[in-house]
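Engineer: My structure is below; once you've seen it, I'll send some questions.
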Amino acid sequence: MTSLKGKVVAVTGAASGIGRALAVELCARGAHVAISDLNEGGLRETAALLGSQTKVTTHLVDVRDRQAVERYAADVEAKHGGADVIINNAGVAVRATIEDISYEDFAFVMDVNMWGVVYGTKAFLPLLRKRPEGHVVNISSINAMVPFAKNGPYNMSKYAVLGLSETLMQELRGSSVHVTCVHPGGIQTNIARSARGVSASEAAMFDRVAMTSPEKAAKVILGAVSRNKSRVYVGADAKMMATAKRLLPDWTVQLSGLASRNIARS
Ligand SMILES: NC(=O)c1ccc[n+]([C@@H]2O[C@H](COP(=O)([O-])OP(=O)(O)OC[C@H]3O[C@@H](n4cnc5c(N)ncnc54)[C@H](O)[C@@H]3O)[C@@H](O)[C@H]2O)c1
């Protein structure tokens, strides 16, 4: 997708963090946006940040609800006449070991981070297919190749998003729809503060180590979309960890496990 100007872009999880920054940057690049989230107040705040140069619609959507995501796609088609890009961005985390985590918390993370991306992809693909050029953007994580301890369902969901995205790359090859899988490192957002099981000192530690702003992340992500890149690492930390995993896989998993297991013991 060489230019986003005039394109219709749907973004999930747009009430905060990377999703909000993507909405702002998309409008600055002349795109029309259909932003969604389950946080109505946050969504309104994001909408207030967007200029009036392009069309903006807001949609209250819980990505765990397949029918709600399908209604979102239908609403976008009705209000914007179609969609060129879906950005599956909404995400959550729960901090606990595999041994201790409840099945409810496990399912919560998988429902948002994995099923939400599947629903968004399947609901919007028919719309993207109708356009001269379409794009699926899935926000995975560096945890899709370098897992963190006490972050099991999140790691698994992000590996799943990479698997889904690579399968789509195979199946959509030669079609008008491109796929970009995004692997951010630490981005300065609310993700840790909103996560279940994260103590105040752990959230503060996340704030100290997250090295990339959401605004910078949005620029990197949309730059990759504009160049039809199939994968993009966001931040020097993500690039370094991905390289380490390729060169020294066992060492990298053990080292990141040690670093993440006992951060900011409270
Ligand atoms: N912040 C990081 O360090 C980092 C690193 C790698 C990947 N990511 C990924 O980036 C994406 C965006 O996260 P962020 O860092 O901006 O976090 P954030 O907490 O600031 O924003 C996440 C947004 O998703 C929304 N959301 C949560 N559950 C939802 C649901 N069921 N339906 C609809 N919306 C829902 C929240 O309301 C929030 O607005 C996530 O997929 C996250 O896993 C973040």
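The values are calculated or read from the model by the stated rules, or taken from the named source; none is laboratory data. As the structure is a prediction and not an experimental result, all values here were calculated from the model. In this analysis, Cβ positions are derived from the backbone assuming ideal geometry, glycine residues included, and neighbour counts consider all displayed protein chains. We work out accessible area using only protein heavy atoms, side chains counted, and drop any ligands, DNA or RNA first. Shrake-Rupley method; radii C 1.70, N 1.55, O 1.52, S 1.80 Å.
Engineer: Taking only DSSP H segments of four or more residues, each worth -39500 (n - 2.57), what value at 222 nm results for the chain once the sum is divided by all its residues, to the nearest 500 deg cm²/dmol?
Structural biologist: It lands at -15500 deg cm²/dmol.
Engineer: In addition: Could you give me D for the range 164-225, from Stokes-Einstein at 37 °C and 0.692 mPa s, where the hydrodynamic radius is the Kirkwood radius over C-alpha pairs? Units µm² s⁻¹, please.
Structural biologist: Answer, rounded: 236 µm²/s.
Engineer: A follow-up question, please. How much length is gained on full extension from residue 209 to residue 107, taking 0.36 nm per residue of separation minus their Cα-Cα distance?
Structural biologist: 33.9 nm
Engineer: Next up: Using a 1.4 Å probe and ignoring any ligands, DNA or RNA, find the accessible area of residue 108 and quote it in Å² to the nearest 10.
Structural biologist: That residue has around 40 Å² of solvent-accessible surface.
Engineer: Within a Cβ distance under 12 Å of residue 25, other residues only, what is the Lys/Arg minus Asp/Glu net charge?
Structural biologist: Result for the local shell: +3.
Engineer: For residue 125, what charge total do you get from the other residues with a beta carbon under 15 Å from its beta carbon, if Lys and Arg give +1 and Asp and Glu give -1?
Structural biologist: +1
Engineer: Still on this structure: In nanometres, what is the gap between the two model label sites at residue 216 and residue 49, each 7 Å from Cα along Cα-to-Cβ?
Structural biologist: Label-label distance for residue 216 and residue 49, simple model: 1.6 nm.
Engineer: Would you work out the relative contact order for the range 8-261, in percent, from Cα pairs under 8 angstrom that are 6 or more residues apart?
Structural biologist: Relative contact order for the range 8-261 comes out at 19 percent.
Engineer: Amide H neighbours of residue 177 under 5 Å, counting only residues 5+ apart in sequence or on other chains, H built in-plane at 1.01 Å?
Structural biologist: 134
Engineer: Compute the distance in nm between two label points, each set 7 Å from the Cα along the Cα-to-Cβ direction, one at residue 98 and one at residue 5.
Structural biologist: 5.0
Engineer: Compute the length gained on full extension between residue 173 and residue 253: take 0.36 nm times their separation in residues and subtract their Cα-Cα distance, giving the result in nm to one decimal.
Structural biologist: My answer for the length gained is 25.6 nm.
Engineer: Expressed as cubic angstrom per residue, what is the convex hull volume of the alpha carbon set of the chain?
Structural biologist: Taking only Cα atoms, the chain has a hull volume of 117 Å³ per residue.
Engineer: What Kirkwood hydrodynamic radius, in Å, does the range 59-107 give when the mean of 1/r is taken over all pairs of distinct Cα atoms and then inverted?
Structural biologist: The Cα-based Kirkwood calculation yields 13.3 Å.
Engineer: Residue 129 to residue 246: extension gain in nm, 0.36 nm per residue of separation minus the Cα-Cα distance?
Structural biologist: 38.7 nm
Engineer: List residues of the range 103-120, by number, whose backbone nitrogen lies under 17 Å from a label position 7 Å along Cα→C-beta of residue 196.
Structural biologist: The answer is 103-116.
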